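Q: Have a look at this one before I ask anything.
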Amino acid sequence: MRKYLFILSLVAAMPLMGQTETTPEQAIANSDHNLEVAKNLEVFNAIYKRLDLMYVDTLVASEVIGAGIDAMLESLDPYTEYYPENRSEDFKEMLTGKYAGIGSVISYNFKLKRVVINEPYQGMPADEAGLKMGDIILNIDGEDMTDKNNQYVSEHLRGEAGTTVELKILRPSTGKKMTFKIKRRAIQMPYLPYYGLQPDGIGYINLKSFSADNVARDTRRAFLDLKRQGATGLVLDLRSNGGGNVQEALSVVNMFVPKDITLLTMRGKLEHANQEYKSTVEPIDTIMPIVVLVDSYTASAAEITSGALQDLDRAVVLGTRTYGKGLVQVPNIPLPYNGNLKLTTAKYYIPSGRCIQAINYSKRGAGGYTEHVPDSLTKVFHTRAGREVRDGGGIQPDVVLTNDSVPHIVYYLMTTDSNSVVLNYEVDYLARHSSAAAPSAFELSDEDYQEFCQRVIDSGFTYDRATGKYLDDLKKLAEFEGYYDDAREEFAALEQKLKHDIRKDLTYDYNKKYLKRLISSDLMAAYYYQAGAIEYGLRSDKQYQEAVRLLQSPDEYHQLLSK
């Protein structure tokens, strides 16, 4: 350990490769900096030596020093991460978006106190073996999974590619216990789960990630297929796309913009971190109107895609402000003893010259508080056509439009121990219906919904309604200020009108529509995988529908890109 820390001290004091010649003033500053590094490493070394020698309990070096490393990295930004050898699988998944397992979404059933199969990925081992939505996981390789959470079960389902896992499940629809021997393999999270030609000639592509090597290739194939089918406009859906490989993102942008245009610039401390990326090939289409859908979960490479298309006036961006990640990481810096470091080395700048990083991690307050860049401090940049855009806060859409908010009752049904009511209803529905209408036509009947409502009522479901909470707070405030006695009757009348009525809440039109859509989406995923759920969801998606309206209104579309 002493030898390792001494080497660290030497490395810290050495000039870094790739730096340019320094002035005398810079040399003095560097010398002072290196001295501070050496002093602090010496202090760290001394503290650990004394802890190891004198502390009342025996120290585990990997845990104690590992905690120190984690704390050091956490003081920088959330993207700089250390992967020791025992996290090599996590490191591989981070790099590729792949992991070795059975390929299924799982969820915890609070009532059963067990994890259940939620959604097998199409064509993956769980799907091929015949696992179904709602299958209750009893044990894995002989180990009982009662009371085990999602993370614990997930870790046991994963393993080396090519190894076999034995899974014992209970299928609620038949009451039968079944055993499956499933060979694990590399699982690629679906990055392009659905594309298709929609009514009125609108093409739609849903991109969930840029983490795979084939994202741009498959997006290109999807777009060409849509063009062959007669698409006259495109909706590119990047909502909830957390990013991934920058090169894949730039290749997608290059599909729609001319060759030799600067798409991205990276600037860092070291010279080799400074890079400029241009479009390298001739585009497929520079004319077809495009609307890009974004939200607060659109991040990183997905922001580069949407931001570049916005800066080059090639697409209208619609939705809500994106996450705001303008930092670049080198993902695989090797470390001693088979460790790896993912390290933030630069900021990126999209074609207008702006960096959309929303949080200034260098100005952390007490308790680790991070400073969001306020709108008042953002700077104005301009798109190719002269439109104003700003830095420091993600990509602000050209058209801001929020989707419907989640009703209070739905939140409680999906996030508390009542989630089993929803899942069990869906499992029973699947058992009674061997097939279902296509996502473009499926409707959950009112009779089916009434059955669901009765199940919720019979389960004894209750929830804290927001109106009740605010009324209680208002009563306390009225008492504090001396107004309650004069308004006692009015409070009592209002309290009676706001009294819990679960059936009324479930059949209230807004709640009913939302719950029917939610259940139907789950059912479409069970019958038609993720593609079915996405296609079904477009029917009630306000942001998508506004995108279609814009694409069918060429004057309004072009005005948005020219003002």
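Q: Considering only the range 262-271, state which residues are more than 23 Å from Val235 (Cβ to Cβ) and open to solvent by less than 20 Å² (accessible area, probe 1.4 Å).
A: Leu264, Met266
Q: Confirm whether His372 is under 16 Å from Gly392 (Cβ atoms), out of contact with any helix residue (DSSP H, G or I) (no Cβ under 8 Å at 6 or more places or on another chain), modelled with pLDDT under 95 and open to solvent by 70 Å² or more (accessible area, probe 1.4 Å).
A: It is true that His372 is under 16 Å from Gly392 (Cβ atoms), out of contact with any helix residue (DSSP H, G or I) (no Cβ under 8 Å at 6 or more places or on another chain), modelled with pLDDT under 95 and open to solvent by 70 Å² or more (accessible area, probe 1.4 Å).
Q: Condition first: closer than 11 Å to Gly394 by Cα and either open to solvent by 40 Å² or more (accessible area, probe 1.4 Å) or of a type in the set (S, T, N, Q) (or both). Now tell me which residues in the range 272-304 satisfy that.
A: Ser296, Tyr297, Thr298, Ser300, listed by residue number.
Q: Kindly provide the set of residues from the range 159-184 that are basic (Lys, Arg) and surrounded by fewer than 17 Cβ atoms within 10 Å (Cβ to Cβ), ordered by number.
A: Lys176, Lys177, Lys181, Lys183
Q: Which pairs have Cβ atoms under 7 Å, sit 6 or more apart or on different chains, and link a residue in the range 99-125 that is at pLDDT 90 or above to one that is open to solvent by less than 20 Å² (accessible area, probe 1.4 Å) and among the acidic types (Asp, Glu)?
A: So the pair list comes out as Val116/Asp135; Ile117/Asp135.
Q: I'd like the full set of residues that are touching an Asp or Glu at 6+ places or on another chain (Cβ under 7 Å) and farther than 25 Å from Asp375 by Cα, limited to the range 324-345.
A: The answer is Tyr337, Asn338, Gly339, Lys342.
Q: Residues in the range 54-74 that are assigned to a helix (DSSP H, G or I) and either under 26 Å from the mean Cα position of the chain (by Cα) or β-branched (Val, Ile, Thr) (or both): how many?
A: Count: 8.
Q: Right, another one. Would you please list the contacts, defined by Cβ atoms under 7 Å and residues six or more apart or on different chains, that run from a residue in the range 523-543 that is among the aromatic types (Phe, Trp, Tyr) to a residue that is open to solvent by less than 40 Å² (accessible area, probe 1.4 Å)?
A: These pairs meet every condition: Tyr527/Ala436; Tyr528/Pro439; Tyr536/Pro439; Tyr536/Phe442; Tyr536/Ser520; Tyr536/Ser521; Tyr536/Met524.
Q: Considering only residues of the range 424-443 that are of a type outside the set (Gly, Ala, Ser), part of a helix (DSSP H, G or I) and modelled with pLDDT of 90 or more, which is surrounded by the fewest Cβ atoms within 10 Å (Cβ to Cβ)?
A: Once the filter is applied, the top-ranked residue is Arg432.
Q: Suppose we filter Asp458, Asp509 for residues that are within 21 Å of Asp404 (Cβ to Cβ) and at pLDDT 85 or above; which single one remains?
A: Asp509
Q: With β-branched (Val, Ile, Thr), open to solvent by 60 Å² or more (accessible area, probe 1.4 Å) and over 30 Å from Tyr194 (Cα atoms) as the only criterion, which of Thr58, Thr80 stands out?
A: Answer to the check: Thr58.
Q: So in the range 122-148, with the set limited to residues that are open to solvent by less than 20 Å² (accessible area, probe 1.4 Å) and within 18 Å of Ala161 (Cα to Cα), which one is farthest from the chain's Cα centre (by Cα)?
A: Per the criteria, the residue is Ile140.
Q: Check Lys476, Lys512, Lys497 and return the single one that is within 37 Å of the chain's Cα centre (by Cα) and of a type outside the set (S, T, N, Q).
A: Within the list Lys476, Lys512, Lys497, the selection yields Lys512.
Q: I need every pair where a residue in the range 387-415 that is under 26 Å from Ile502 (Cβ atoms) and without any contact (Cβ under 8 Å) to a residue 60 or more places away in the chain has its Cβ under 7 Å from the Cβ of a residue that is charged (D, E, K, R) and open to solvent by 10 Å² or more (accessible area, probe 1.4 Å), sequence separation at least 6 or different chains.
A: Here the result reads His408/Arg465, each pair linking the range 387-415 to a residue that is charged (D, E, K, R) and open to solvent by 10 Å² or more (accessible area, probe 1.4 Å).
Q: Still on this structure, I have one more. Restricted to the range 444-485, and to residues that are under 30 Å from Pro199 (Cα atoms) and among the charged types (D, E, K, R), which residue is least open to solvent (accessible area, probe 1.4 Å)?
A: Ranking the qualifying residues of the range 444-485, first place goes to Asp448.
Q: Give the residues of the range 198-225 that are in contact with a strand residue (DSSP E or B) (Cβ under 6 Å, 6 or more places away or on another chain), open to solvent by 10 Å² or more (accessible area, probe 1.4 Å) and small (Gly, Ala, Ser), sorted by residue number.
A: Within the range 198-225, Ser209, Ser211 meet the criteria.
Q: Kindly evaluate Asp77 against the criterion of being of a type in the set (Asp, Glu) and either in a loop (DSSP other than H, G, I, E, B) or touching a residue at least 40 places away in the same chain (Cβ under 8 Å) (or both).
A: yes
The values are calculated or read from the model by the stated rules, or taken from the named source; none is laboratory data. From a predicted model like this one, the values you see are computed outputs, not experimental measurements. When we count neighbours, we look across all protein chains shown, and the Cβ atoms used for this are built from the backbone with ideal geometry, even at glycine. Accessible surface areas use protein heavy atoms only, side chains included; no ligands, DNA or RNA. Shrake-Rupley method; radii C 1.70, N 1.55, O 1.52, S 1.80 Å.
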